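No value in this document is a laboratory result; all are computed from the given coordinates. From a predicted model like this one, the values you see are computed outputs, not experimental measurements. Here the Cβ is made from the backbone with ideal geometry for all residues, glycine too, and neighbour counts use every protein chain on show.
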Ligand code: ATP
């Protein structure tokens with residue numbers, strides 16, 4: 001027998017390997033259909049030889065720990081495998097204290113922990129990772145429209161930071177993939193070099209109905225219904241009777257580590273025709289270094305002009321990223337260093353600057369150089385970072 005996830009990218013390869021080793025006498029089977037007594041005859045998924053498959057074992061994806069000094073079984077706690085539940089816990093606090101009206105969302109980022117069986121592929125599957133999640137609460141009648149809004153909005157967001165093209169897809173889950181409470185789930189997926197030709201999940205956007213608030217309400221005993229003053233029958237005085245309901249929730253849940261990894265994979269570029277062939281083509285919006293300022297030589301009044309420009313750019317753009325200043329080594333080496341770090345623009349102060357108040361702008365992706373006025377540098381950068 002030979003066991004493999006059907007249609008998995010490695011199925012054909014695995015099958016060939018099994019046929020070679022066992023003289024073509026192999027049968028593909030669903031692992032769940034094989035009795036344990038037959039496991040000795042199975043070539044397990046990704047295994048090298050027959051007979052390595054162990055019996056199914058109970059496995060908990062959550063990490064447990066003990067709180068406090070006594071560390072008895074009563075002190076057992078579980079590390080959160082997602083950040084979302086903290087939001088549901090705070091739903092009532094936020095409604096009661098911040099005067100928000102449905103529809104509204106609560107977002108947060110934070111560490112999540114999962115006891116993954118096979119952590120691999122750099123930060124793609126880690127046991128500790130960073131998530132960014134939004135719980136968007138809305139009226140049940142509007143929930144499908146909001147689900148579609150968030151699905152498209154999140155896809156556009158990934159495109160806007162540089163993941164546009166064939167490597168990015170939005171995959172709507174089939175009905176049989178949906179959780180029992182979900183009316184729709186889509187994944188934003190990216191074709192990483194290690195998943196190609198397949199894709200790996202960057203973010204899931206799920207319509208979760210009112211499942212979570214129902215569970216929190218049930219187990220805490222606290223009423224979590226929202227009173228919507230803008231709904232219900234119209235009263236003679238022109239106001240509304242109001243409607244009490246448990247909001248439905250749309251949840252975009254993204255992996256920040258996976259996002260950063262996708263951006264690096266997408267941006268990594270080799271061009272053998274360049275003096276330094278490697279560079280990181282990050283979209284200026286997400287490049288950690290926004291610009292670099294270089295005096296061509298570290299004398300003749302150039303460092304002073306460069307420093308003034310650096311201070312000006314730092315004051316204007318320092319909150320969105322780094323502005324670097326570098327006066328050491330040849331100008332070619334300085335450009336190459338910035339190319340590798342993904343810095344989109346370098347501004348060089350040279351002899352001409354001192355006579356006509358212009359600087360050289362060098363573009364990371366094309367390597368092209370052009371001249372612009374010294375006082376046009378900040379507006380130029382503002383436009384490029386928008
Ligand atoms: P997968 O199917 O890849 O295990 P998942 O469906 O379990 O992911 P979710 O529970 O929807 O993932 O979590 C939301 C996001 O968190 C995912 O889209 C992914 O970007 C990220 N994520 C999940 N598990 C990990 C992990 N082990 N390492 C890094 N990021 C992760």
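Quick one: length gained pulling residue 94 to residue 47 fully straight, 0.36 nm per residue minus the C-alpha distance?
Working: separation 47, 0.36 × 47 = 16.92 nm, distance 5.08 nm.
Between residue 94 and residue 47, full extension yields 11.8 nm more.
With the cut-off at 1.5 for a/c, could you classify the range 167-206 from its C-alpha gyration tensor as rounded, prolate or oblate? Because a/c hits 1.5 or more and a/b exceeds b/c, the range 167-206 counts as prolate.
Against the longest alpha carbon principal axis of the chain, how many degrees, from 0 to 90 and to the nearest 10, is the axis of helix 11-21 turned? Helix 11-21 sits at roughly 70 degrees to that axis.
Per-residue Cβ neighbour counts within 10 Å put 104, 314 in the sequence 104, 314, beginning with the fewest. When shorter helices are ignored and each DSSP H run of at least 4 residues is given -39500 (n - 2.57), the per-residue value for the chain at 222 nm works out to -8500 deg cm²/dmol.
Using label points projected 7 Å from each Cα along Cα→Cβ, tell me how many nm separate residue 239 and residue 144, to one decimal. Distance between label points: 3.4 nm. May I ask you to list the residues of the range 239-261 whose amide nitrogen lies under 16 Å from a point 7 Å from Cα along the Cα→beta-carbon direction of residue 223? From the range 239-261, the list is 242-247.
Assign one of three labels to the range 257-302, namely rounded, prolate or oblate, based on the Cα gyration tensor with a ≥ b ≥ c the square roots of its eigenvalues; rounded applies when a/c is under 1.5, prolate when it is not and a/b is larger than b/c, and oblate otherwise. Because a/c hits 1.5 or more and a/b fails to exceed b/c, the range 257-302 counts as oblate. Would you mind classifying the range 272-386 by shape? Square roots of the alpha carbon gyration tensor eigenvalues, ordered a ≥ b ≥ c; an a/c under 1.5 is rounded, otherwise it is prolate if a/b is larger than b/c and oblate if not. Oblate. Taking 360, 27, 195 as the candidate residues, the one with maximal mean-square fluctuation in a Gaussian network model of the chain, Cα springs under 10 Å, is 27.
The length gained by stretching the chain between residue 153 and residue 36 to full extension, at 0.36 nm per residue less their Cα-Cα distance, is 37.4 nm. Counting neighbouring Cβ atoms within 10 Å and putting the fewest first, the residues 114, 127 line up as 127, 114. Relative contact order for the range 33-125: 22 percent, from Cα pairs under 8 Å spaced at least 6 residues apart, divided by residue count. Seen against the Cα atoms of the chain and their longest principal axis, helix 302-317 is set at about 30 degrees.
Taking Cα atoms only, the orientation of helix 143-158 departs from the longest principal axis of the chain by about 40 degrees. For the chain, pairs of C-alpha atoms spaced more than 39 angstrom apart make up 43 percent of the total.
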